[in-house]
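The values are calculated or read from the model by the stated rules, or taken from the named source; none is laboratory data. This one's a predicted model, so the numbers in the text were calculated from it and none came from an experiment. Please note: Cβ atoms are built from the backbone with ideal geometry, for glycine as well, and neighbour counts cover all protein chains shown. Heads up: the accessible areas ignore ligands, DNA and RNA and are worked out on the full protein's heavy atoms, side chains in. Shrake-Rupley method; radii C 1.70, N 1.55, O 1.52, S 1.80 Å.
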Amino acid sequence: MNRKNVMLLSGAGQIGMAIARRMGYGMKIIIGDIKIENAEKISKIMKDAGYDAEAAEMDLSDRNSIKSFIAKGQNYGDIKMLVNAAGVSPSQASVQTILKVDLYGTAVLLEEVGKVICSGGVGITISSQSGKRMPQLTAQEDAMLACTPTEELLSLKLLQPENIKDTLHAYQIAKRCNEKRVMAEAVKWGNRGARINSISPGIIVTPLAIDEFNGSRGDFYKNMFAKCPARRPGTADEVANVAELLMSDKGAFITGTDFMCDGGATASYFYGPLKPQQ
Ligand SMILES: NC(=O)c1ccc[n+]([C@@H]2O[C@H](COP(=O)([O-])OP(=O)(O)OC[C@H]3O[C@@H](n4cnc5c(N)ncnc54)[C@H](O)[C@@H]3O)[C@@H](O)[C@H]2O)c1
């Protein structure tokens, strides 16, 4: 079998597909999703467009499942790219599931791929502007989110049920943790000659966002894109524009950081019409 460079795409959603289409030409693309039907659907769309894609069942909240996903990719060649765009939103899941998937699962994926990523490799994980709206954590809390061994993460005091208000809070702290893990992992990935960054999108029209529009915070989200400087939600292809910069050689000096792509919603939340009433 011809060996190829491999891209691992975790999460067969719109954002993940847009990035994979932008960066995955000529590579073997393994598309993992907890819903195999989602992975198969995206794999078919990509194959029909000339990409070498293959669907796999993968649960981001399970280390063994992540390891099998990586091993599947290694059957075809070196792991050159990671795109992690799997996740659940505040309207889709419980506090426990959000922490297990978005926080713990992302940390494990970055750790496991970081053990095998090849020199010149690059990864992206999708965080969220939502994490920027949460009040600052202490330096010590940030350090714990960044550096606590993955299997101890969910035992941290700040992640216990009495300290998590609701599913939005769980989502925000998970996304904050994503950014901190990226910083800590970038140091390890750098030892292998590889880079890892995150992107924090604002509201991007995808099935996940549509669930939010139709959920209990629907009016909040609609107001957010109406009153952000861009006056509209974004598209997955606009997130792919940022990914292209970060994942291509143009981003060779960028690692361990987070890029916001939110139409200015966060700016408006702090200093404009989206600022919460005191
Ligand atoms: N759409 C937005 O407005 C928006 C904004 C900010 C951040 N994000 C983030 O972007 C990422 C991708 O979201 P999207 O909008 O493309 O959503 P999407 O619903 O199109 O795709 C998410 C995919 O993740 C999969 N998934 C869920 N749990 C999983 C698990 N345990 N293991 C493996 N796969 C799992 C789902 O089945 C789904 O196919 C998420 O992390 C989300 O938090 C989205």
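Odds and ends about this structure:
- Test result for I19, β-branched (V, I, T) and within 23 Å of K175 (Cα to Cα): yes
- The range 79-130 - residue that is hydroxyl-bearing (S, T, Y) and touching an Asp or Glu at 6+ places or on another chain (Cβ under 8 Å) and, of those, nearest to K4 (Cα to Cα): S127
- Just one of the listed residues (K67, K80) is charged (D, E, K, R), more than 9 Å from the ligand (Cβ to nearest atom) and touching a helix residue (DSSP H, G or I) at 6+ places or on another chain (Cβ under 7 Å), and it is K67.
- Counting the residues of the range 37-55 that are in contact with an Asp or Glu (Cβ under 8 Å, 6 or more places away or on another chain) and part of a strand (DSSP E or B) gives 1.
Yes/no per residue for (1) away from the ligand (no atom under 11 Å from the Cβ); (2) more than 18 Å from the chain's Cα centre (by Cα); (3) in a helix (DSSP H, G or I):
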position: A184; (1), (2), (3): yes, no, yes
position: S200; (1), (2), (3): no, no, no
position: D211; (1), (2), (3): no, no, yes
position: D219; (1), (2), (3): yes, yes, yes
position: N223; (1), (2), (3): yes, yes, yes
position: A230; (1), (2), (3): yes, yes, no
position: A243; (1), (2), (3): yes, no, yes
position: L274; (1), (2), (3): yes, yes, no
position: Q278; (1), (2), (3): yes, yes, no
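- Count of residues meeting criterion [over 10 Å from the mean Cα position of the chain (by Cα) and not hydroxyl-bearing (S, T, Y)] in the range 83-102: 10
- When the range 37-88 is filtered for residues that are open to solvent by 50 Å² or more (accessible area, probe 1.4 Å) and of a type in the set (V, I, T), only I45 remains.
Table: residues versus (1) touching a residue at least 12 places away in the same chain (Cβ under 8 Å); (2) open to solvent by less than 70 Å² (accessible area, probe 1.4 Å); (3) within 30 Å of L158 (Cβ to Cβ); (4) within 9 Å of the ligand (Cβ to nearest atom).
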{"site": "K4", "(1), (2), (3), (4)": "yes, no, no, no"}
{"site": "A18", "(1), (2), (3), (4)": "yes, yes, no, yes"}
{"site": "K28", "(1), (2), (3), (4)": "yes, yes, no, no"}
{"site": "A93", "(1), (2), (3), (4)": "yes, yes, yes, yes"}
{"site": "D102", "(1), (2), (3), (4)": "yes, yes, yes, yes"}
{"site": "T106", "(1), (2), (3), (4)": "yes, yes, yes, yes"}
